[in-house]
Amino acid sequence: MITARQKRLLEAIIKEFIETAEAVGSIDLPEKYGLDVSPATIRNEMATLVSLGYLNKTHASSGRIPTTRAFKYFLQEILDQLQELDVREQAHFNEDMFQKRYNIDQLMISAVRALSSITHNPSIALVNDRIYHIGLDMLLNNPEYRDYTKLQHILAMLDDYANLVHIFKSHKSEQDIKVLIGEDLRHPALYDSAIVFANIPSFHKSSGYIAILGPNRMQYEKVIPAIRYVSNKISNLLKDWKI
């Protein structure tokens, strides 16, 4: 259990890391995030959060970065506060997906294209042994994926239908939207990544998935409502199909 002050500090560090992708120090946090404590106090609290498993100390600087545990804590704090997808953003999905509703290939392409456009992350759909993905080049916009070997592992994973299904099926949750972060993805190349996904109707009584892949510091406030909206939209469009 962390104190109220540690909670405010941790949330500030996570927000700063999401924005900058850099290890967070103690100097700028008080003024930027309205923390009424000194840098020295922040350093002491950071050390405590390291010992509790919420922060890691980097070797390259004196800053700290959030751990998988920290991001999961952050998600639990914001889930009840998430807004629905903006009406203007819903328009990205509505007309085009409606027109494609009787062609599963075109429908999935429309869905992943709109998701990638809104979230600025790669979008993936798995349906009937097919993989649809758009926006893989967006990985290169993030410093986490500028290592060639790591990127190779990720791209190989995204072309492995059976492995992706195994990853999704292994995650047990009652939530309609599931989030896998860091070690949940079971591959060292993905320890600073996250996948947000939902089940979607498929055919032959099977289940498909639609997902966003990105760094663990992705904009969850944007990604989760987008995934929720598009998965519900697909379900509604396909509910009259005999599957």
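Can you name every residue in region 21-45 that is in contact with a Lys or Arg (Cβ under 9 Å, 6 or more places away or on another chain), under 24 Å from Asp192 (Cα atoms) and either crowded, with 19+ Cβ neighbours inside 10 Å or among the hydroxyl-bearing types (Ser, Thr, Tyr) (or both)? Passing the criteria: Ala23, Val24, Ser26, Glu45.
A quick yes/no check of all residues on (1) surrounded by 14 or more Cβ atoms within 10 Å (Cβ to Cβ); (2) farther than 16 Å from Leu115 by Cβ; (3) of a type in the set (D, E, K, R); (4) at pLDDT 90 or above:
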position: Ala162; (1), (2), (3), (4): no, yes, no, yes
position: His187; (1), (2), (3), (4): yes, yes, no, no
position: Asp192; (1), (2), (3), (4): yes, yes, yes, yes
position: Ile195; (1), (2), (3), (4): yes, no, no, yes
position: Ala198; (1), (2), (3), (4): yes, no, no, yes
position: Ser206; (1), (2), (3), (4): no, yes, no, no
position: Ile210; (1), (2), (3), (4): yes, no, no, yes
position: Tyr220; (1), (2), (3), (4): yes, no, no, yes
position: Arg228; (1), (2), (3), (4): yes, no, yes, yes
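Within region 157-201, take every residue that is of a type in the set (Ser, Thr, Tyr) and assigned to a loop (DSSP other than H, G, I, E, B) and give me the one that is farthest from Ile234 (Cα to Cα). Before you say what the answer is, go through the steps one by one.
Going residue by residue through region 157-201, those that are of a type in the set (Ser, Thr, Tyr) are 161, 170, 173, 191, 193.
From the residues that got through so far, the ones that are assigned to a loop (DSSP other than H, G, I, E, B) too are 170, 173, 191.
Working: Ser170: 23, Ser173: 21, Tyr191: 30 Å.
Ranking the qualifying residues of region 157-201, first place goes to Tyr191.
All of Leu140, Leu115 fail the test of being surrounded by fewer than 19 Cβ atoms within 10 Å (Cβ to Cβ), in a helix (DSSP H, G or I) and modelled with pLDDT of 90 or more, apart from Leu140. The residues of region 135-170 that are of a type in the set (Val, Ile, Thr) and farther than 25 Å from Ser110 by Cβ amount to a single one, Thr149. Candidates Asn103, Asn128: the one that is in contact with a Ser or Thr (Cβ under 7 Å, 6 or more places away or on another chain), surrounded by fewer than 17 Cβ atoms within 10 Å (Cβ to Cβ) and over 23 Å from Asp192 (Cα atoms) is Asn128. Looking across region 60-88, the residues that are of a type in the set (Ser, Thr, Tyr), part of a loop (DSSP other than H, G, I, E, B) and surrounded by fewer than 20 Cβ atoms within 10 Å (Cβ to Cβ) come down to Ser61, Ser62.
The values are calculated or read from the model by the stated rules, or taken from the named source; none is laboratory data. Please read all numbers here as calculations on a predicted model, not as lab measurements. Neighbour counts are summed over all protein chains in view; Cβ atoms, including those assigned to glycine, are modelled from backbone coordinates with ideal geometry.
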